[in-house]
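Asks: Below are the structure tokens for one structure; questions will follow.
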Amino acid sequence: MISYILRRLAATVPVLFTVAVMVFLMLRLTPGDPAAIIAGDNATTQQILDIRTKLGLEEPILQQFFIWLGSILRGDLGESFFFRKTVFELISERIEPTLSLAFLTIVLAVVIAIPLGVLAAYRQGTWIDRVVMGFSVIGFSVPVFVIGYLLIYIFAIKLGWFPVQGYQRISGGVFPWFRSLVLPAFTLSVIYIALIARMTRTSVLEVLSEDYIRTARAKGQTEVKVLFQHALKNAAVPIVTVVGIGVALLIGGVVVTESVYSIPGLGRLTVDAVLARDFPVIQAIILAFSFVYVLINLIVDLSYTIFDPRIRY
Amino acid sequence: MTGPILEIRNLTVQLPKGADRKFAVENVSLTVNPGEIVCVVGESGSGKSVSSHAVMGLLPKGQLTVAGGEILLEGENVLKASANRLRDLRGTRMSMIFQEPMTALNPVVTCGEQIDEVLRIHTDLPATERKEKVIAVMESVRLPDPIKMYDAYPHQLSGGQRQRIMIAQALVLDPALLIADEPTTALDVTTQAQILKLVAEMQERRGTGVLFITHDFGVVAEIAHRVVVMQKGHVVETGTATEVLTNPQHPYTKMLINAVPTLTPPQREDRTGEVALETVKLCKVYGGGGFFQKKREVRAAADVEIRVRRGETLGIVGESGSGKSTVARCIARLIEPTSGGIVVGNMDIAKLPERQLRPHRKHCQIVFQDPYRSLNPRRSVGASIIEGPMNFGMSEADAVAKARDLMKLVGLSPDALDRYPHQFSGGQRQRICIARALAMEPEILIADEAVSALDVSVQAQVLDLLDDVRKKFDLAVLFITHDLRVAAQICDRIAVMQNGVVVEHGRTAEVFANPQHAYTRSLFEAAPGRNFQFARVA
Amino acid sequence: MTAPASSSPVAETAVPLPAKPTVWRKLLRSPNVVVGVAIVLVMVCIGLIAPLIATSDPTAINPGARNRVPMATSTMRMDDGTRATVTHYMGTDTLGRDVFSRVVYGARVSIFIGISVAILSVSIGLVIGMAAGYFRWLDSIIMRIMDGLMAIPAILLAIAVVSLSRAGLASVIIAIVVPEVPRVVRLVRSVVLSVREEPYVEAAVTAGTPTLKLIIRHILPNTVAPLIVQGTFICASAILVEAILSFLGIGIPPDVPTWGNIMAEGRQLFRIFPHNILYPGIFLALTVLAVNMLGDGLRDTLDPKMEKRG
């Protein structure tokens, strides 16, 4: 098992390396002096010169890459000229709200989506199925920020149940923290629910047409147990996979949701950094999110062994 | 119990609208008595599976509906039973085993638990007693080391072992009726023999009535007490096994039995044509693994040496995994051999790059197993046939003229050239594939299980066609098959393969009369119905 | 339930095929396709005749008519210098621009971006995917790059691409195409890999068919149906992503009337004037919904197995 995990971990290295290469090239392929871009519009000549030496811009490009990669691996993500802080500090300040939001959203989505998907599959072709699937298409189609403003308008402005915007740190109490996140988490989970419910339905339906379902019925097994003991367990791998892949959607959604609800997290930071053309921050955020995404999908891969004994370590 | 266990009276099952006929089965009646094995035999589309699924109440909802008749299980009409009553009966009074033991078992549940599930549904036994009972039934179906196998998952077992688990699961509560739907079709011949023996033994010991669905008259001869012959949804003949097999009355039954190839090959004279194909120490190793995977190597073919003369048919016989198809695919250069030589004419083509293979492509053609996937569904069959000759510079007009001639030769209308594959039956498609191969004027024709997917009556016709074209074009034919009867009928010489190695090689008549290798002998002993002389009726 | 295994009683009876209904007829019978196409056509028409139905110039700033509620009227100076009374069906924004006119013109941008992103991603992905699927030595290089691209969440990648170039239509299109390409590549590659195992392709190999002909004749046609379906979904998601980028203020320049820009504009005064987000939001959601429904309908008729491939 451990050697398997190590091997899988090793297999993520080329992917992360490719991401790093792309993030690196992003800046070099842009017309203009990378040092000037990194230093920002208001930088002094001295600042630009310092950055030049630090990045080794006089060296050949391959060497520049390894200098850059080396500093990243040492945890030196550079300095934000806009926020006047190191990028590392900036990210550690902003990570709590984003993690909280993402965690609540995933829990909410899984709890709602999987039962809906199973129900739709079991009642395939009935109105229940059509309602669930209809909801899912709508969930894919309505932009996150429209849902966000709609919820704010109804539940915060008209009904006053939740704060309109803003974030309460968890250190200030769990209840205010939770209350500040209910609407954002609902907003963000819509598309995720749509995705998971759909995949659950598809894979349960597929499993229901398998021969061993017929065998279970031939044994005299009840429909409910056929569904939950035989079908859902076999459908687990694609469902877990889509939960993992959906994290990409989630990260995209975080950027928008945090802007709508004025939550000072990484998503909001991304937008601010892009608007300020604060490249060290943009690069670091892309690297960080990609790393998390790859890591989550690695965990998903490893979890297959729990659901399917055919997948071996 | 004196009355019959199962009585099907005038069963009629409706097909959905738009099917080729109105009823899947019409007015079917049959009886299974206690302690009796009744074989329902028929070709694909005969309705034999539909009848058996109707008994269990497992017809796919909304597609097949029972339109009339009754099915009496120990006197109780199951068609009138409530869903709950039907569930009570399944597993206790009637149970079923299926064709594919791999897909019929839940892959994520251990074998023991799957047998245990029947007990949990239908009994209130405590866990320890249930476990004892499961182990006991696993022992009775001759599974090795039942205690260990209880915790094994289906994928860790062989095909035969999985089918034993299925049988154990079906018999654990001693049902009165066991329905076996082609339970040995997906198995190798030696495994098939063991499973047939087991079914017969269990039936005898427990007095179960067995409804056994099969398409194979060899299996019928091996196991049946009584036989029901079905054709296109109707029962055309019933009788005891001996009656039906030795003295068939209905023309359809006669035709089916006549089509069963004999296991006694005719004496054939040696072919003396020039050697068209020779392999020298041909090896193919699969796998090797990537950078992050463990290395796993499979020697699919090891030092295979065969030789085929023009006008001769060499059979390569073996079970699944024996490497017979690998050899065929190497010779057709669909894959590159790992080492060794393939001499065609005076050239070793084993290692030639694709560019230099073109002359070989013309010389060597292949006919595949699955007639439904061998023709591009988006192109007319004419376009498929003329593709090869036009690749080698023939004008379209000439190629079409040639295709028309070939269609006549393989027994199809030349006007059908602009039709699409889905408009033909399996046998007709296989004829088209032969025409496509012949269009290249090859010297070597490889038939890779080319008749295995066909019904027995169609199989006989395609075999005749293959033999005809061999004579007519003086072809060297390499005939890959798992079926000894087919090999006996068409091959001049055979090579028996096991685990990638040719274990025996010789004239067909001699190998059949006096097999030398132990594996060859076990193959012959396993051939179903080998002791049975089928009626040869005009 | 369809009949999967040869052992199933349905497959057994289904030897000669009845006349197949044509693809077009099947599509017309799918409510998803019919409704989807209808809504899309309406949106395309609105975009095409935008100059005719817009009540005023969508970029004209009118300081005297700021933040009007829907159905309010105001007087505007027309091009010829005369003054006219205009009804603002959807109100005006903080700069006094007519929201209805902006929404109508916004349809043009959204549909143009949706279609061009779909066509570009599918064509680029098709070529790369074919190469990856057919040539072993290219496969691992291409797929490593694609894995890397896919590891960056789509919207982040798009944001990164726009952040590098100055905002504009072309850079937005490129930004949305880049993350879509690897998904198309994967799809095409998986189709190629499964089709090249088919016996009819092997038969064509033994018939000496040259590689390029083999790909065009026997493999390419199999990618058409899944790509049409995938292209439709890409179109829907491109319209959404463009709106998101504009909404965040990093897409198309704010004076251009796009649905995302109108909503971005409406953010500040959202509590008092929600219509600035509501109306463009409805148009946007309806369009994306229609395209998604069309995609679902196309998938169900053209390529029922696709959802499995994911």
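Asks: Please compute the alpha carbon radius of gyration of the protein assembly as shown, then divide it by the globular-protein estimate 2.2 N^0.38 Å. Two decimals is fine.
Replies: For the protein assembly as shown, the normalised Cα radius of gyration comes out at 1.08.
Asks: While we're on this one: As an exercise, use a Förster radius of 30 Å and the Cβ-Cβ distance of C:Thr85 and C:Phe112 to find the FRET efficiency, rounded to the nearest 0.05. Intermediate values should be presented prior to the final figure.
Replies: Working: r = 32 Å, r/R0 = 1.08.
The value I calculate is 0.40.
Asks: Here's something else I'd like to know. What part of the accessible area of chain B, given as a whole %, is carbon or sulfur when the probe is 1.4 angstrom? Can you show the working numbers first?
Replies: On the way: 10410 of 21950 Å².
Ligands and nucleic acids excluded, carbon and sulfur reach 47 percent.
Asks: Between C:Ala60 and A:Glu58, take the C-beta separation as r, use R0 = 41 Å, and let me know the FRET efficiency to the nearest 0.05.
Replies: Calculated transfer efficiency: 0.20.
Asks: Then there is this: Which residues does a label at B:Phe392 reach in the stretch C:184-223, if reach means a backbone N under 11 Å from a point 7 Å past the Cα toward the Cβ?
Replies: Flagged as within label range: C:207-208.
Asks: Here's a follow-up. Between the stretch C:140-213 and the stretch A:203-246, how far is it from one alpha carbon centroid to the other, in angstrom?
Replies: Comparing the Cα centres of the stretch C:140-213 and the stretch A:203-246, I get a distance of 32 Å.
Asks: To continue, here is another question. Can you bin chain B into rounded, prolate or oblate? Criterion: square roots of the alpha carbon gyration tensor eigenvalues sorted a ≥ b ≥ c, rounded for a/c under 1.5, prolate for a/b above b/c, oblate for the rest.
Replies: It comes out prolate by the Cα gyration axes.
Asks: Setting aside same-chain residues fewer than 8 positions from B:Lys281, which aspartates and glutamates have a Cα under 13 Å from its Cα?
Replies: Of all the aspartates and glutamates, those that pass the test against B:Lys281 - Cα under 13 Å, at least 8 places apart if same chain - are B:Asp303, B:Glu305, B:Asp348.
Asks: Follow-up question, since we're still on this one. Using a 1.4 Å probe and counting only protein heavy atoms, how much accessible surface gets buried when B and A come together, both sides summed, in Å² to the nearest 100?
Replies: Looking at B and A, the buried total is near 2300 Å².
Asks: Once you put a point 7 Å from the Cα of B:Lys22 and another 7 Å from the Cα of A:Arg123, both along the Cβ direction, what distance in nm separates them?
Replies: For B:Lys22 paired with A:Arg123, the spin-label model returns 3.7 nm.
Asks: Another question, then. Distance between Cα centroids, the stretch B:235-292 to the stretch B:147-196: provide it in whole Å.
Replies: Centre-to-centre distance over Cα atoms comes out at 25 Å.
Asks: Another question, then. Considering only the other residues whose Cβ falls under 13 Å of the Cβ of B:Leu11, what net charge follows from Lys and Arg at +1 and Asp and Glu at -1? Can you show the working numbers first?
Replies: Values: positive: B:Arg9, B:Lys48; negative: B:Glu7, B:Glu26, B:Glu70.
Charge balance in the 13 Å sphere: -1.
Asks: Then there's this: On a C-alpha basis, how far is the centre of the stretch B:410-426 from the centre of the stretch A:73-92 in Å? Whole number, if you could?
Replies: 71
Asks: List, in the order given, every pair from B:Lys284/B:Lys351; B:Lys254/B:Lys408; B:Lys61/B:Lys197 whose Cα-Cα distance in the structure shown is over 23 Å. Walk me through the intermediate numbers first.
Replies: Numbers: B:Lys284/B:Lys351 12 Å; B:Lys254/B:Lys408 28 Å; B:Lys61/B:Lys197 35 Å.
Exceeds cut-off: B:Lys254/B:Lys408; B:Lys61/B:Lys197.
Asks: Still on this structure, I have one more. What are the residues of the stretch B:73-117 that lose 40 Å² or more of accessible area, with a 1.4 Å probe, going from their chain alone to all protein chains?
Replies: Residues of the stretch B:73-117 that lose at least 40 Å² of accessible area once the other chains are added: B:Arg87, B:Arg90, B:Phe98, B:Gln99, B:Thr103, B:Asn106, B:Pro107, B:Val108, B:Glu117.
Asks: Using only helices, what value at 222 nm comes out for the protein assembly as shown when you add -39,500 (n - 2.57) per DSSP H run of length 4 or more and divide by the total residues, to the nearest 500 deg cm²/dmol?
Replies: Details: 46 runs with 628 residues, N = 1161.
Taking each H run of at least 4 residues, the total per residue is -17500 deg cm²/dmol.
Asks: What is the packing order of peptides C:41-47, A:241-247, taking the mean over residues of other C-beta atoms within 10 Å and listing the highest first?
Replies: Numbers: C:41-47: 16.0, A:241-247: 20.6.
Output ranking for C:41-47, A:241-247: A:241-247, C:41-47.
Asks: Report, in debye and to the nearest 20, how large the dipole of the stretch A:97-307 comes out about its Cα centre when Lys and Arg carry +1 and Asp and Glu carry -1 on their Cβ.
Replies: With only Lys, Arg, Asp and Glu charged at Cβ, the dipole is about 460 debye.
Asks: What nm distance separates the two modelled labels at B:Ile147 and A:Arg8, each placed 7 Å from Cα along Cα→Cβ?
Replies: Rounded to a tenth, the inter-label distance reads 3.4 nm.
Asks: Right, something else. With a/c under 1.5 counting as rounded, go ahead and sort the stretch A:97-307 into rounded, prolate or oblate using the C-alpha gyration tensor (a ≥ b ≥ c being the square roots of the eigenvalues; past the cut-off, prolate if a/b is larger than b/c, else oblate).
Replies: Details: a/c = 2.48, a/b = 1.74, b/c = 1.42.
Prolate, since a/c reaches 1.5 and a/b exceeds b/c.
Asks: First obtain the Kirkwood hydrodynamic radius of the stretch B:305-423 from its Cα pairs, then insert it into the Stokes-Einstein equation at 20 °C and 1.002 mPa s, and state the resulting D in µm² per second as a whole number.
Replies: The calculation lands on 129 µm²/s.
Asks: For peptide A:11-18, what's the mean number of Cβ atoms from other chains within 10 Å of each residue's Cβ?
Replies: 4
Asks: So, with a 1.4 angstrom probe, what is the percent of accessible area on the stretch A:97-307 that is carbon and sulfur?
Replies: About 73 percent, which is the carbon plus sulfur part of the accessible surface.
Asks: Report the Cα-based extents of the stretch A:1-134 along its three principal axes, largest first, to the nearest Å.
Replies: 69, 41, 29
Asks: Now for a different question. For A:Lys225, list the aspartates and glutamates whose Cα falls under 18 Å from its own Cα; do not include residues on the same chain fewer than 8 positions away.
Replies: Result set, ordered by chain and number: A:Glu206, A:Glu210, A:Asp211, B:Asp88, B:Glu113, B:Asp116, B:Glu117, B:Asp124.
Asks: Additional query: Using every pair of alpha-carbon atoms in the stretch B:217-335, split the distances into 5 Å bins beginning at 0 and state the percent of pairs per bin, rounded to integers.
Replies: Final binned percentages: 2, 8, 13, 12, 9, 9, 10, 10, 11, 10, 4, 2, 0.
Asks: I'd like the FRET efficiency for C:Ile282 and C:Ser165, computed as 1/(1 + (r/R0)^6) with the beta carbon distance as r and R0 of 25 Å, rounded to 0.05.
Replies: Once rounded, the FRET efficiency stands at 0.20.
Asks: If the stretch C:236-302 were replaced by its equivalent ellipsoid, with semi-axes equal to the square roots of 5 times the Cα gyration tensor eigenvalues, what would those be, largest first, whole Å? Present the calculation step by step, with values, prior to reporting the outcome.
Replies: On the way: eigenvalues 145, 36, 10 Å².
Sorted largest first and rounded, they come to 27, 13, 7 Å.
Asks: Hey, could you grab the Kirkwood Rh for the stretch B:97-208? Inverse mean 1/r over distinct alpha carbon pairs, Å, one decimal.
Replies: Taking every pair of different Cα atoms in the stretch B:97-208, averaging 1/r and inverting gives 14.0 Å.
Asks: Which of rounded, prolate, oblate describes the stretch A:263-313, given a ≥ b ≥ c as roots of the alpha-carbon gyration tensor eigenvalues and a/c under 1.5 marking rounded, otherwise prolate only if a/b is larger than b/c?
Replies: Note, shape of the stretch A:263-313 comes out prolate.
Asks: May I pose another question? In nm, to one decimal, how far is the modelled label at A:Ser262 from the one at B:Tyr286, with both set 7 Å along Cα→Cβ?
Replies: Result: 6.4 nm between the two label points.
Asks: Of B:Gly393, C:Val44, B:Leu523, whose Cα points farthest to the positive end of the dipole of the protein assembly as shown (charges on the beta-carbon: +1 Lys, Arg; -1 Asp, Glu; origin at the Cα centre)?
Replies: Highest projection toward the positive end goes to C:Val44.
Asks: What percentage of all Cα-Cα pairs in the stretch B:14-67 are separated by more than 14 Å?
Replies: Beyond 14 Å sits 58 percent of the P(r) for the stretch B:14-67.
Asks: Treating only the Cβ of Lys, Arg, Asp and Glu as charged (+1, +1, -1, -1), what charge dipole size does the protein assembly as shown show about its Cα centre? Round to the nearest 20 debye.
Replies: For the protein assembly as shown, the charge dipole is close to 1300 debye.
The values are calculated or read from the model by the stated rules, or taken from the named source; none is laboratory data. All figures in this text were calculated on a predicted structure; none of them were measured in a lab. Cβ coordinates were reconstructed from backbone atoms using ideal geometry, including for glycine residues, and neighbour counts include every protein chain displayed. All accessible areas refer to the heavy atoms of the entire protein, side chains included, with ligands and DNA or RNA removed. Shrake-Rupley method; radii C 1.70, N 1.55, O 1.52, S 1.80 Å.
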